[in-house]
Amino acid sequence: MRLKKDLILDHNRKNEPKHREYFNQLADRLTGKGRDVDRIIQDIMTLQIAIPSWALGSGGTRFGRFPEGGEPRNLQEKIEDVGLLHALNRSSGSISLHIPWDVPDNYVDIISLADSFDLKFDAVNSNTFQDQADQKYSYKFGSLSHTDPGVRRQAIDHNKEVVDHGVRLGSECITVWLADGSSYPGQQNFRKALIRTKESLSEIHDYLPENWRMYVEYKPFEPSFYSMVIPDWGTSYYLSASIGPKAYSLVDLGHHLPNTNIEQVVAILMMTGKLGGFHFNDSKFADDDLTVGAIKPYQLFLILNELVYGIVNNDSNNPPLAWMIDASHNLKDPLEDLLQSVEAIKIAYAQALIVDRDQLESHRDHNDPVPAQELLQDAFRTDVRPLLAEARIRNQASCDPIVFYRDLKIRKTLIEERGVKTIATGL
Ligand code: PSV
Ligand code: MN
C-alpha cells in the first residue's frame, strides 16, 4: 500500500488553522526565551529513526500471540510498511534488518523498492541466538563465546555473511547482540568466555569495510538467567575500546537493571567517543519492549538531554548515532505503536533542544540544584508537540499521523490486501 501525497496535504490543510494557533503561541514563548525556533524545527525535521524489520508484526510472549492481521508476509511488504510510516511522519527513513529473518532474494529489486519509499538500510543484525535448520552446530551453549572453536567459527562466519548482505544493501553497520551466558553458577568461566568473545568480535571487526561500524549490544539477563557474557555497558565498553576503532557500544533502553541511571551511562559512553547507537523502547520491569516513552518519559528526556549535550559539544568526536527502535507490540497495531514510539523520541529530542544549556551549566557551576531542576523540568513540561507537527507539515508529512492513519483505515486495507492470518518473521 502506498499513500497518496494529496491525501496527506488535504488532511493537513483541514487541520492547519488550529495547528497555527498552538504553534504561534509556543513559538512566541520560545523566541522570547532566546531560542531559535526555526533551527529547532530544522533539527526535528532531519532526525531519522530506524524501524526494526522484526517489529512490524504482532509480538507476543511465551504464553501466546494475538496477531492484528495484515502483517507483512515478506521483506517487500515490511519495506512497504516502513514506507507507510515514513510517508506519515518523514522521520522513519530507514529499516534495520535481522538476518536470517530478512534475507533479500533480489538485492536490486529490494534496493529500488526501498528507494521508491525514500528508505535506507540502517544496521544489519546477526542472529546467533537461535538455531537455523541448516546449521551444523547448535548455539545452545553459546556462539561467539562457545568453548568449541567449531561453533565459534560458524558464528563468526554468520556475522561476516550478515556484513556481506549489508554491504550489498548499502548499510554501514552491524549490531551484534549475544544471548551467550550461563544459567547456573559454576557453568561457565567468566574470564575465558569474555576473552573468547573478544577474539571472535575482533575477527568480525577486522572483516568490516573501511566505512563500517560494529555495535556491541549488552543485556543483563535473558535468555541466560545467571550470567550474560556481555551483561552491561562496562563490559560492552571494554570490548568496543579494546577491539578497535570501528567498534562501539549500543544502548538498548530495556537492557538495564531497575533504576540504572541510563542518562549517565549515555553521557559517559559518548564522552569517551564510544556510543554507537540506541535501541529505543520502554519498560516497567525488564526487557518489556514497550512503546518508547510509555512508562518513563522523564528518563527518556534526560537521556536525550545528554545526547543533545554531546551533539552540541561534539563529545570526543563521537560519530553520528544510529537511532533505532527495538520494541514488541503485543496489544497494539504495530504500525500505530511505531508511530507513537517515533513521536515519543522526537518529543524528548525537541524538549532537550529547548534546554537553555548556558544557564544550566551556570547553575551547575554554582552548585545550585534548585534552578537546575526547574530549568530541566520547565523544558520537560513544555508541550512541544506543535513543533513536531510544524516539522511534519514543512516536510509534507501528516500533521497528525495516528489520527490520519485511523481516518484512512490503513490496517483494514492491509488486512484486505494480505489477509487476517499472515505472520511476519521475527520474534
Ligand atoms: C535482545 O533482547 C534484543 O534487544 C536484540 O537487539 C535482538 O537483536 C532483538 O532484541 C531481537 O528481538
Ligand atoms: Mn535490542
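Side notes on the structure shown:
- Test: residue in the range 368-388 that is free of Cβ contacts under 8 Å to residues at least 40 places away in the same chain, in a loop (DSSP other than H, G, I, E, B) and within 22 Å of F23 (Cβ to Cβ): yes
- Failed condition for G293, given (1) crowded, with 20+ Cβ neighbours inside 10 Å; (2) within 22 Å of V176 (Cα to Cα); (3) away from ligand 1 (no atom under 15 Å from the Cβ): (2)
- In the range 95-140, of all residues being part of a loop (DSSP other than H, G, I, E, B) and basic (K, R), the one that is nearest to L178 (Cα to Cα) corresponds to K140.
- So V162, is it within 16 Å of ligand 2 (Cβ to nearest atom), part of a strand (DSSP E or B), out of contact with any Cys (no Cβ under 6 Å at 6 or more places or on another chain) and of a type in the set (V, I, T): no
- Candidate set from the range 96-124 (those that are within 16 Å of ligand 1 (Cβ to nearest atom) and free of Cβ contacts under 8 Å to residues at least 60 places away in the same chain); member that is surrounded by the fewest Cβ atoms within 10 Å (Cβ to Cβ): P100
- Filtering the range 243-285 to residues that are part of a strand (DSSP E or B) and away from ligand 2 (no atom under 14 Å from the Cβ) leaves A247, Y248, L275.
- Among the residues listed as S96, S53, the single one being within 16 Å of ligand 2 (Cβ to nearest atom), under 19 Å from L321 (Cβ atoms) and under 12 Å from the mean Cα position of the chain (by Cα): S96
- Checked against (1) surrounded by fewer than 20 Cβ atoms within 10 Å (Cβ to Cβ); (2) within 16 Å of ligand 1 (Cβ to nearest atom); (3) without any contact (Cβ under 8 Å) to a residue 40 or more places away in the chain, A286 passes all but condition (3).
- If the condition is being touching a residue at least 40 places away in the same chain (Cβ under 8 Å) and assigned to a loop (DSSP other than H, G, I, E, B), then the range 221-242 contributes F221, E222, P223, S224, F225, Y226, V229, I230, P231.
- Contact annotation: residue pairs with Cβ atoms under 7 Å, 6 or more positions apart or on different chains, pairing a residue in the range 38-67 that is under 30 Å from L387 (Cα atoms) with a partner that is of a type in the set (K, R) and crowded, with 22+ Cβ neighbours inside 10 Å, are I44/K346; L47/K346; S53/K78; L56/K78.
- Checking each residue in the range 168-218 for being part of a loop (DSSP other than H, G, I, E, B), within 14 Å of I230 (Cα to Cα) and without any contact (Cβ under 8 Å) to a residue 24 or more places away in the chain picks out only N189.
- Picking from residues in the range 165-192 that are more than 16 Å from ligand 2 (Cβ to nearest atom), out of contact with any His (no Cβ under 9 Å at 6 or more places or on another chain) and small (G, A, S), the one that is farthest from D287 (Cα to Cα) is G170.
- Any hit, the range 315-336, residues being within 14 Å of ligand 1 (Cβ to nearest atom), in a helix (DSSP H, G or I) and either among the acidic types (D, E) or surrounded by 18 or more Cβ atoms within 10 Å (Cβ to Cβ) (or both): yes
Each reported figure results from applying straightforward, stated rules to the coordinates on display, with no laboratory input. Every value quoted in this text rests on a predicted model; they were computed, and no experiment measured them. Glycine also receives a Cβ, built like all others from the backbone with ideal geometry; neighbour counts cover every protein chain displayed.
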